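Just below is one structure, and these are the notes that go with it.
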Amino acid sequence: MRKRAVVLMIALFALLAPVFIGCSSAPPCTVSPIEIEETREDVKDLDTSLEEAKERVQALQEKVDAKKKEYEAKKDKPAELRKKVESLEKGSGRG
């Protein structure tokens, strides 16, 4: 019976310990206003760079789409040209 009481007391302490430990005051802030402003400027610079990168991605995507269309247009040309060559060979008596 005594072991059970000790185990219950330890369990109760383990459950309540975070409540008492977590109630301390916050540590003082050591960040200076200058550092905050520098960070804000860095964020603005990064936002600008991100916008420029998005514009470059869009331009490159447009180029890729144009190249894909060009490829699709040229993809079937060899078959057409081969047929034309065969018809010209037949007409000249070589085929």
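Would you mind checking the tilt of helix 33-75 against the longest principal axis of the Cα atoms of the chain, expressed as 0 to 90 degrees and rounded to 10?
For helix 33-75, the angle is close to 30 degrees.
Between 0 and 90 degrees, rounded to the nearest ten: what's the tilt of helix 2-21 against the longest Cα principal axis of the chain?
60
Run the quick spin-label model on residue 7 and residue 65: label points 7 Å from Cα toward the beta carbon, then report their separation in nm to one decimal.
Once both label points are built, they end up 6.9 nm from each other.
About the Cα centre of the chain, what is the dipole size in debye to 20, counting +1 per Lys and Arg Cβ and -1 per Asp and Glu Cβ, all else neutral?
1180
Before rounding to the nearest 500, sum -39500 (n - 2.57) across all DSSP H runs of length at least 4 in the chain and divide by the residue total; then give [θ] at 222 nm in deg cm²/dmol.
Calculated mean residue ellipticity at 222 nm is -29500 deg cm²/dmol.
So if R0 is 30 Å, what FRET efficiency would residue 36 and residue 57 give, r being the distance between their Cβ atoms, rounded to the nearest 0.05?
0.45
For the Cα atoms of the chain, what angle does the longest principal axis make with the long axis of helix 77-92, in degrees from 0 to 90, nearest 10?
10
From the Cα gyration tensor of the stretch 25-95, with a ≥ b ≥ c the square roots of its eigenvalues, which class applies: rounded if a/c is under 1.5, or else prolate if a/b is larger than b/c, or else oblate?
Verdict is prolate for the stretch 25-95.
Here, each number is a calculation from the coordinates, and none is a lab measurement. These numbers come from a predicted model, not from an experiment. No Cβ is skipped: glycine too gets one built from the backbone with ideal geometry, and neighbour counts run over all protein chains shown.
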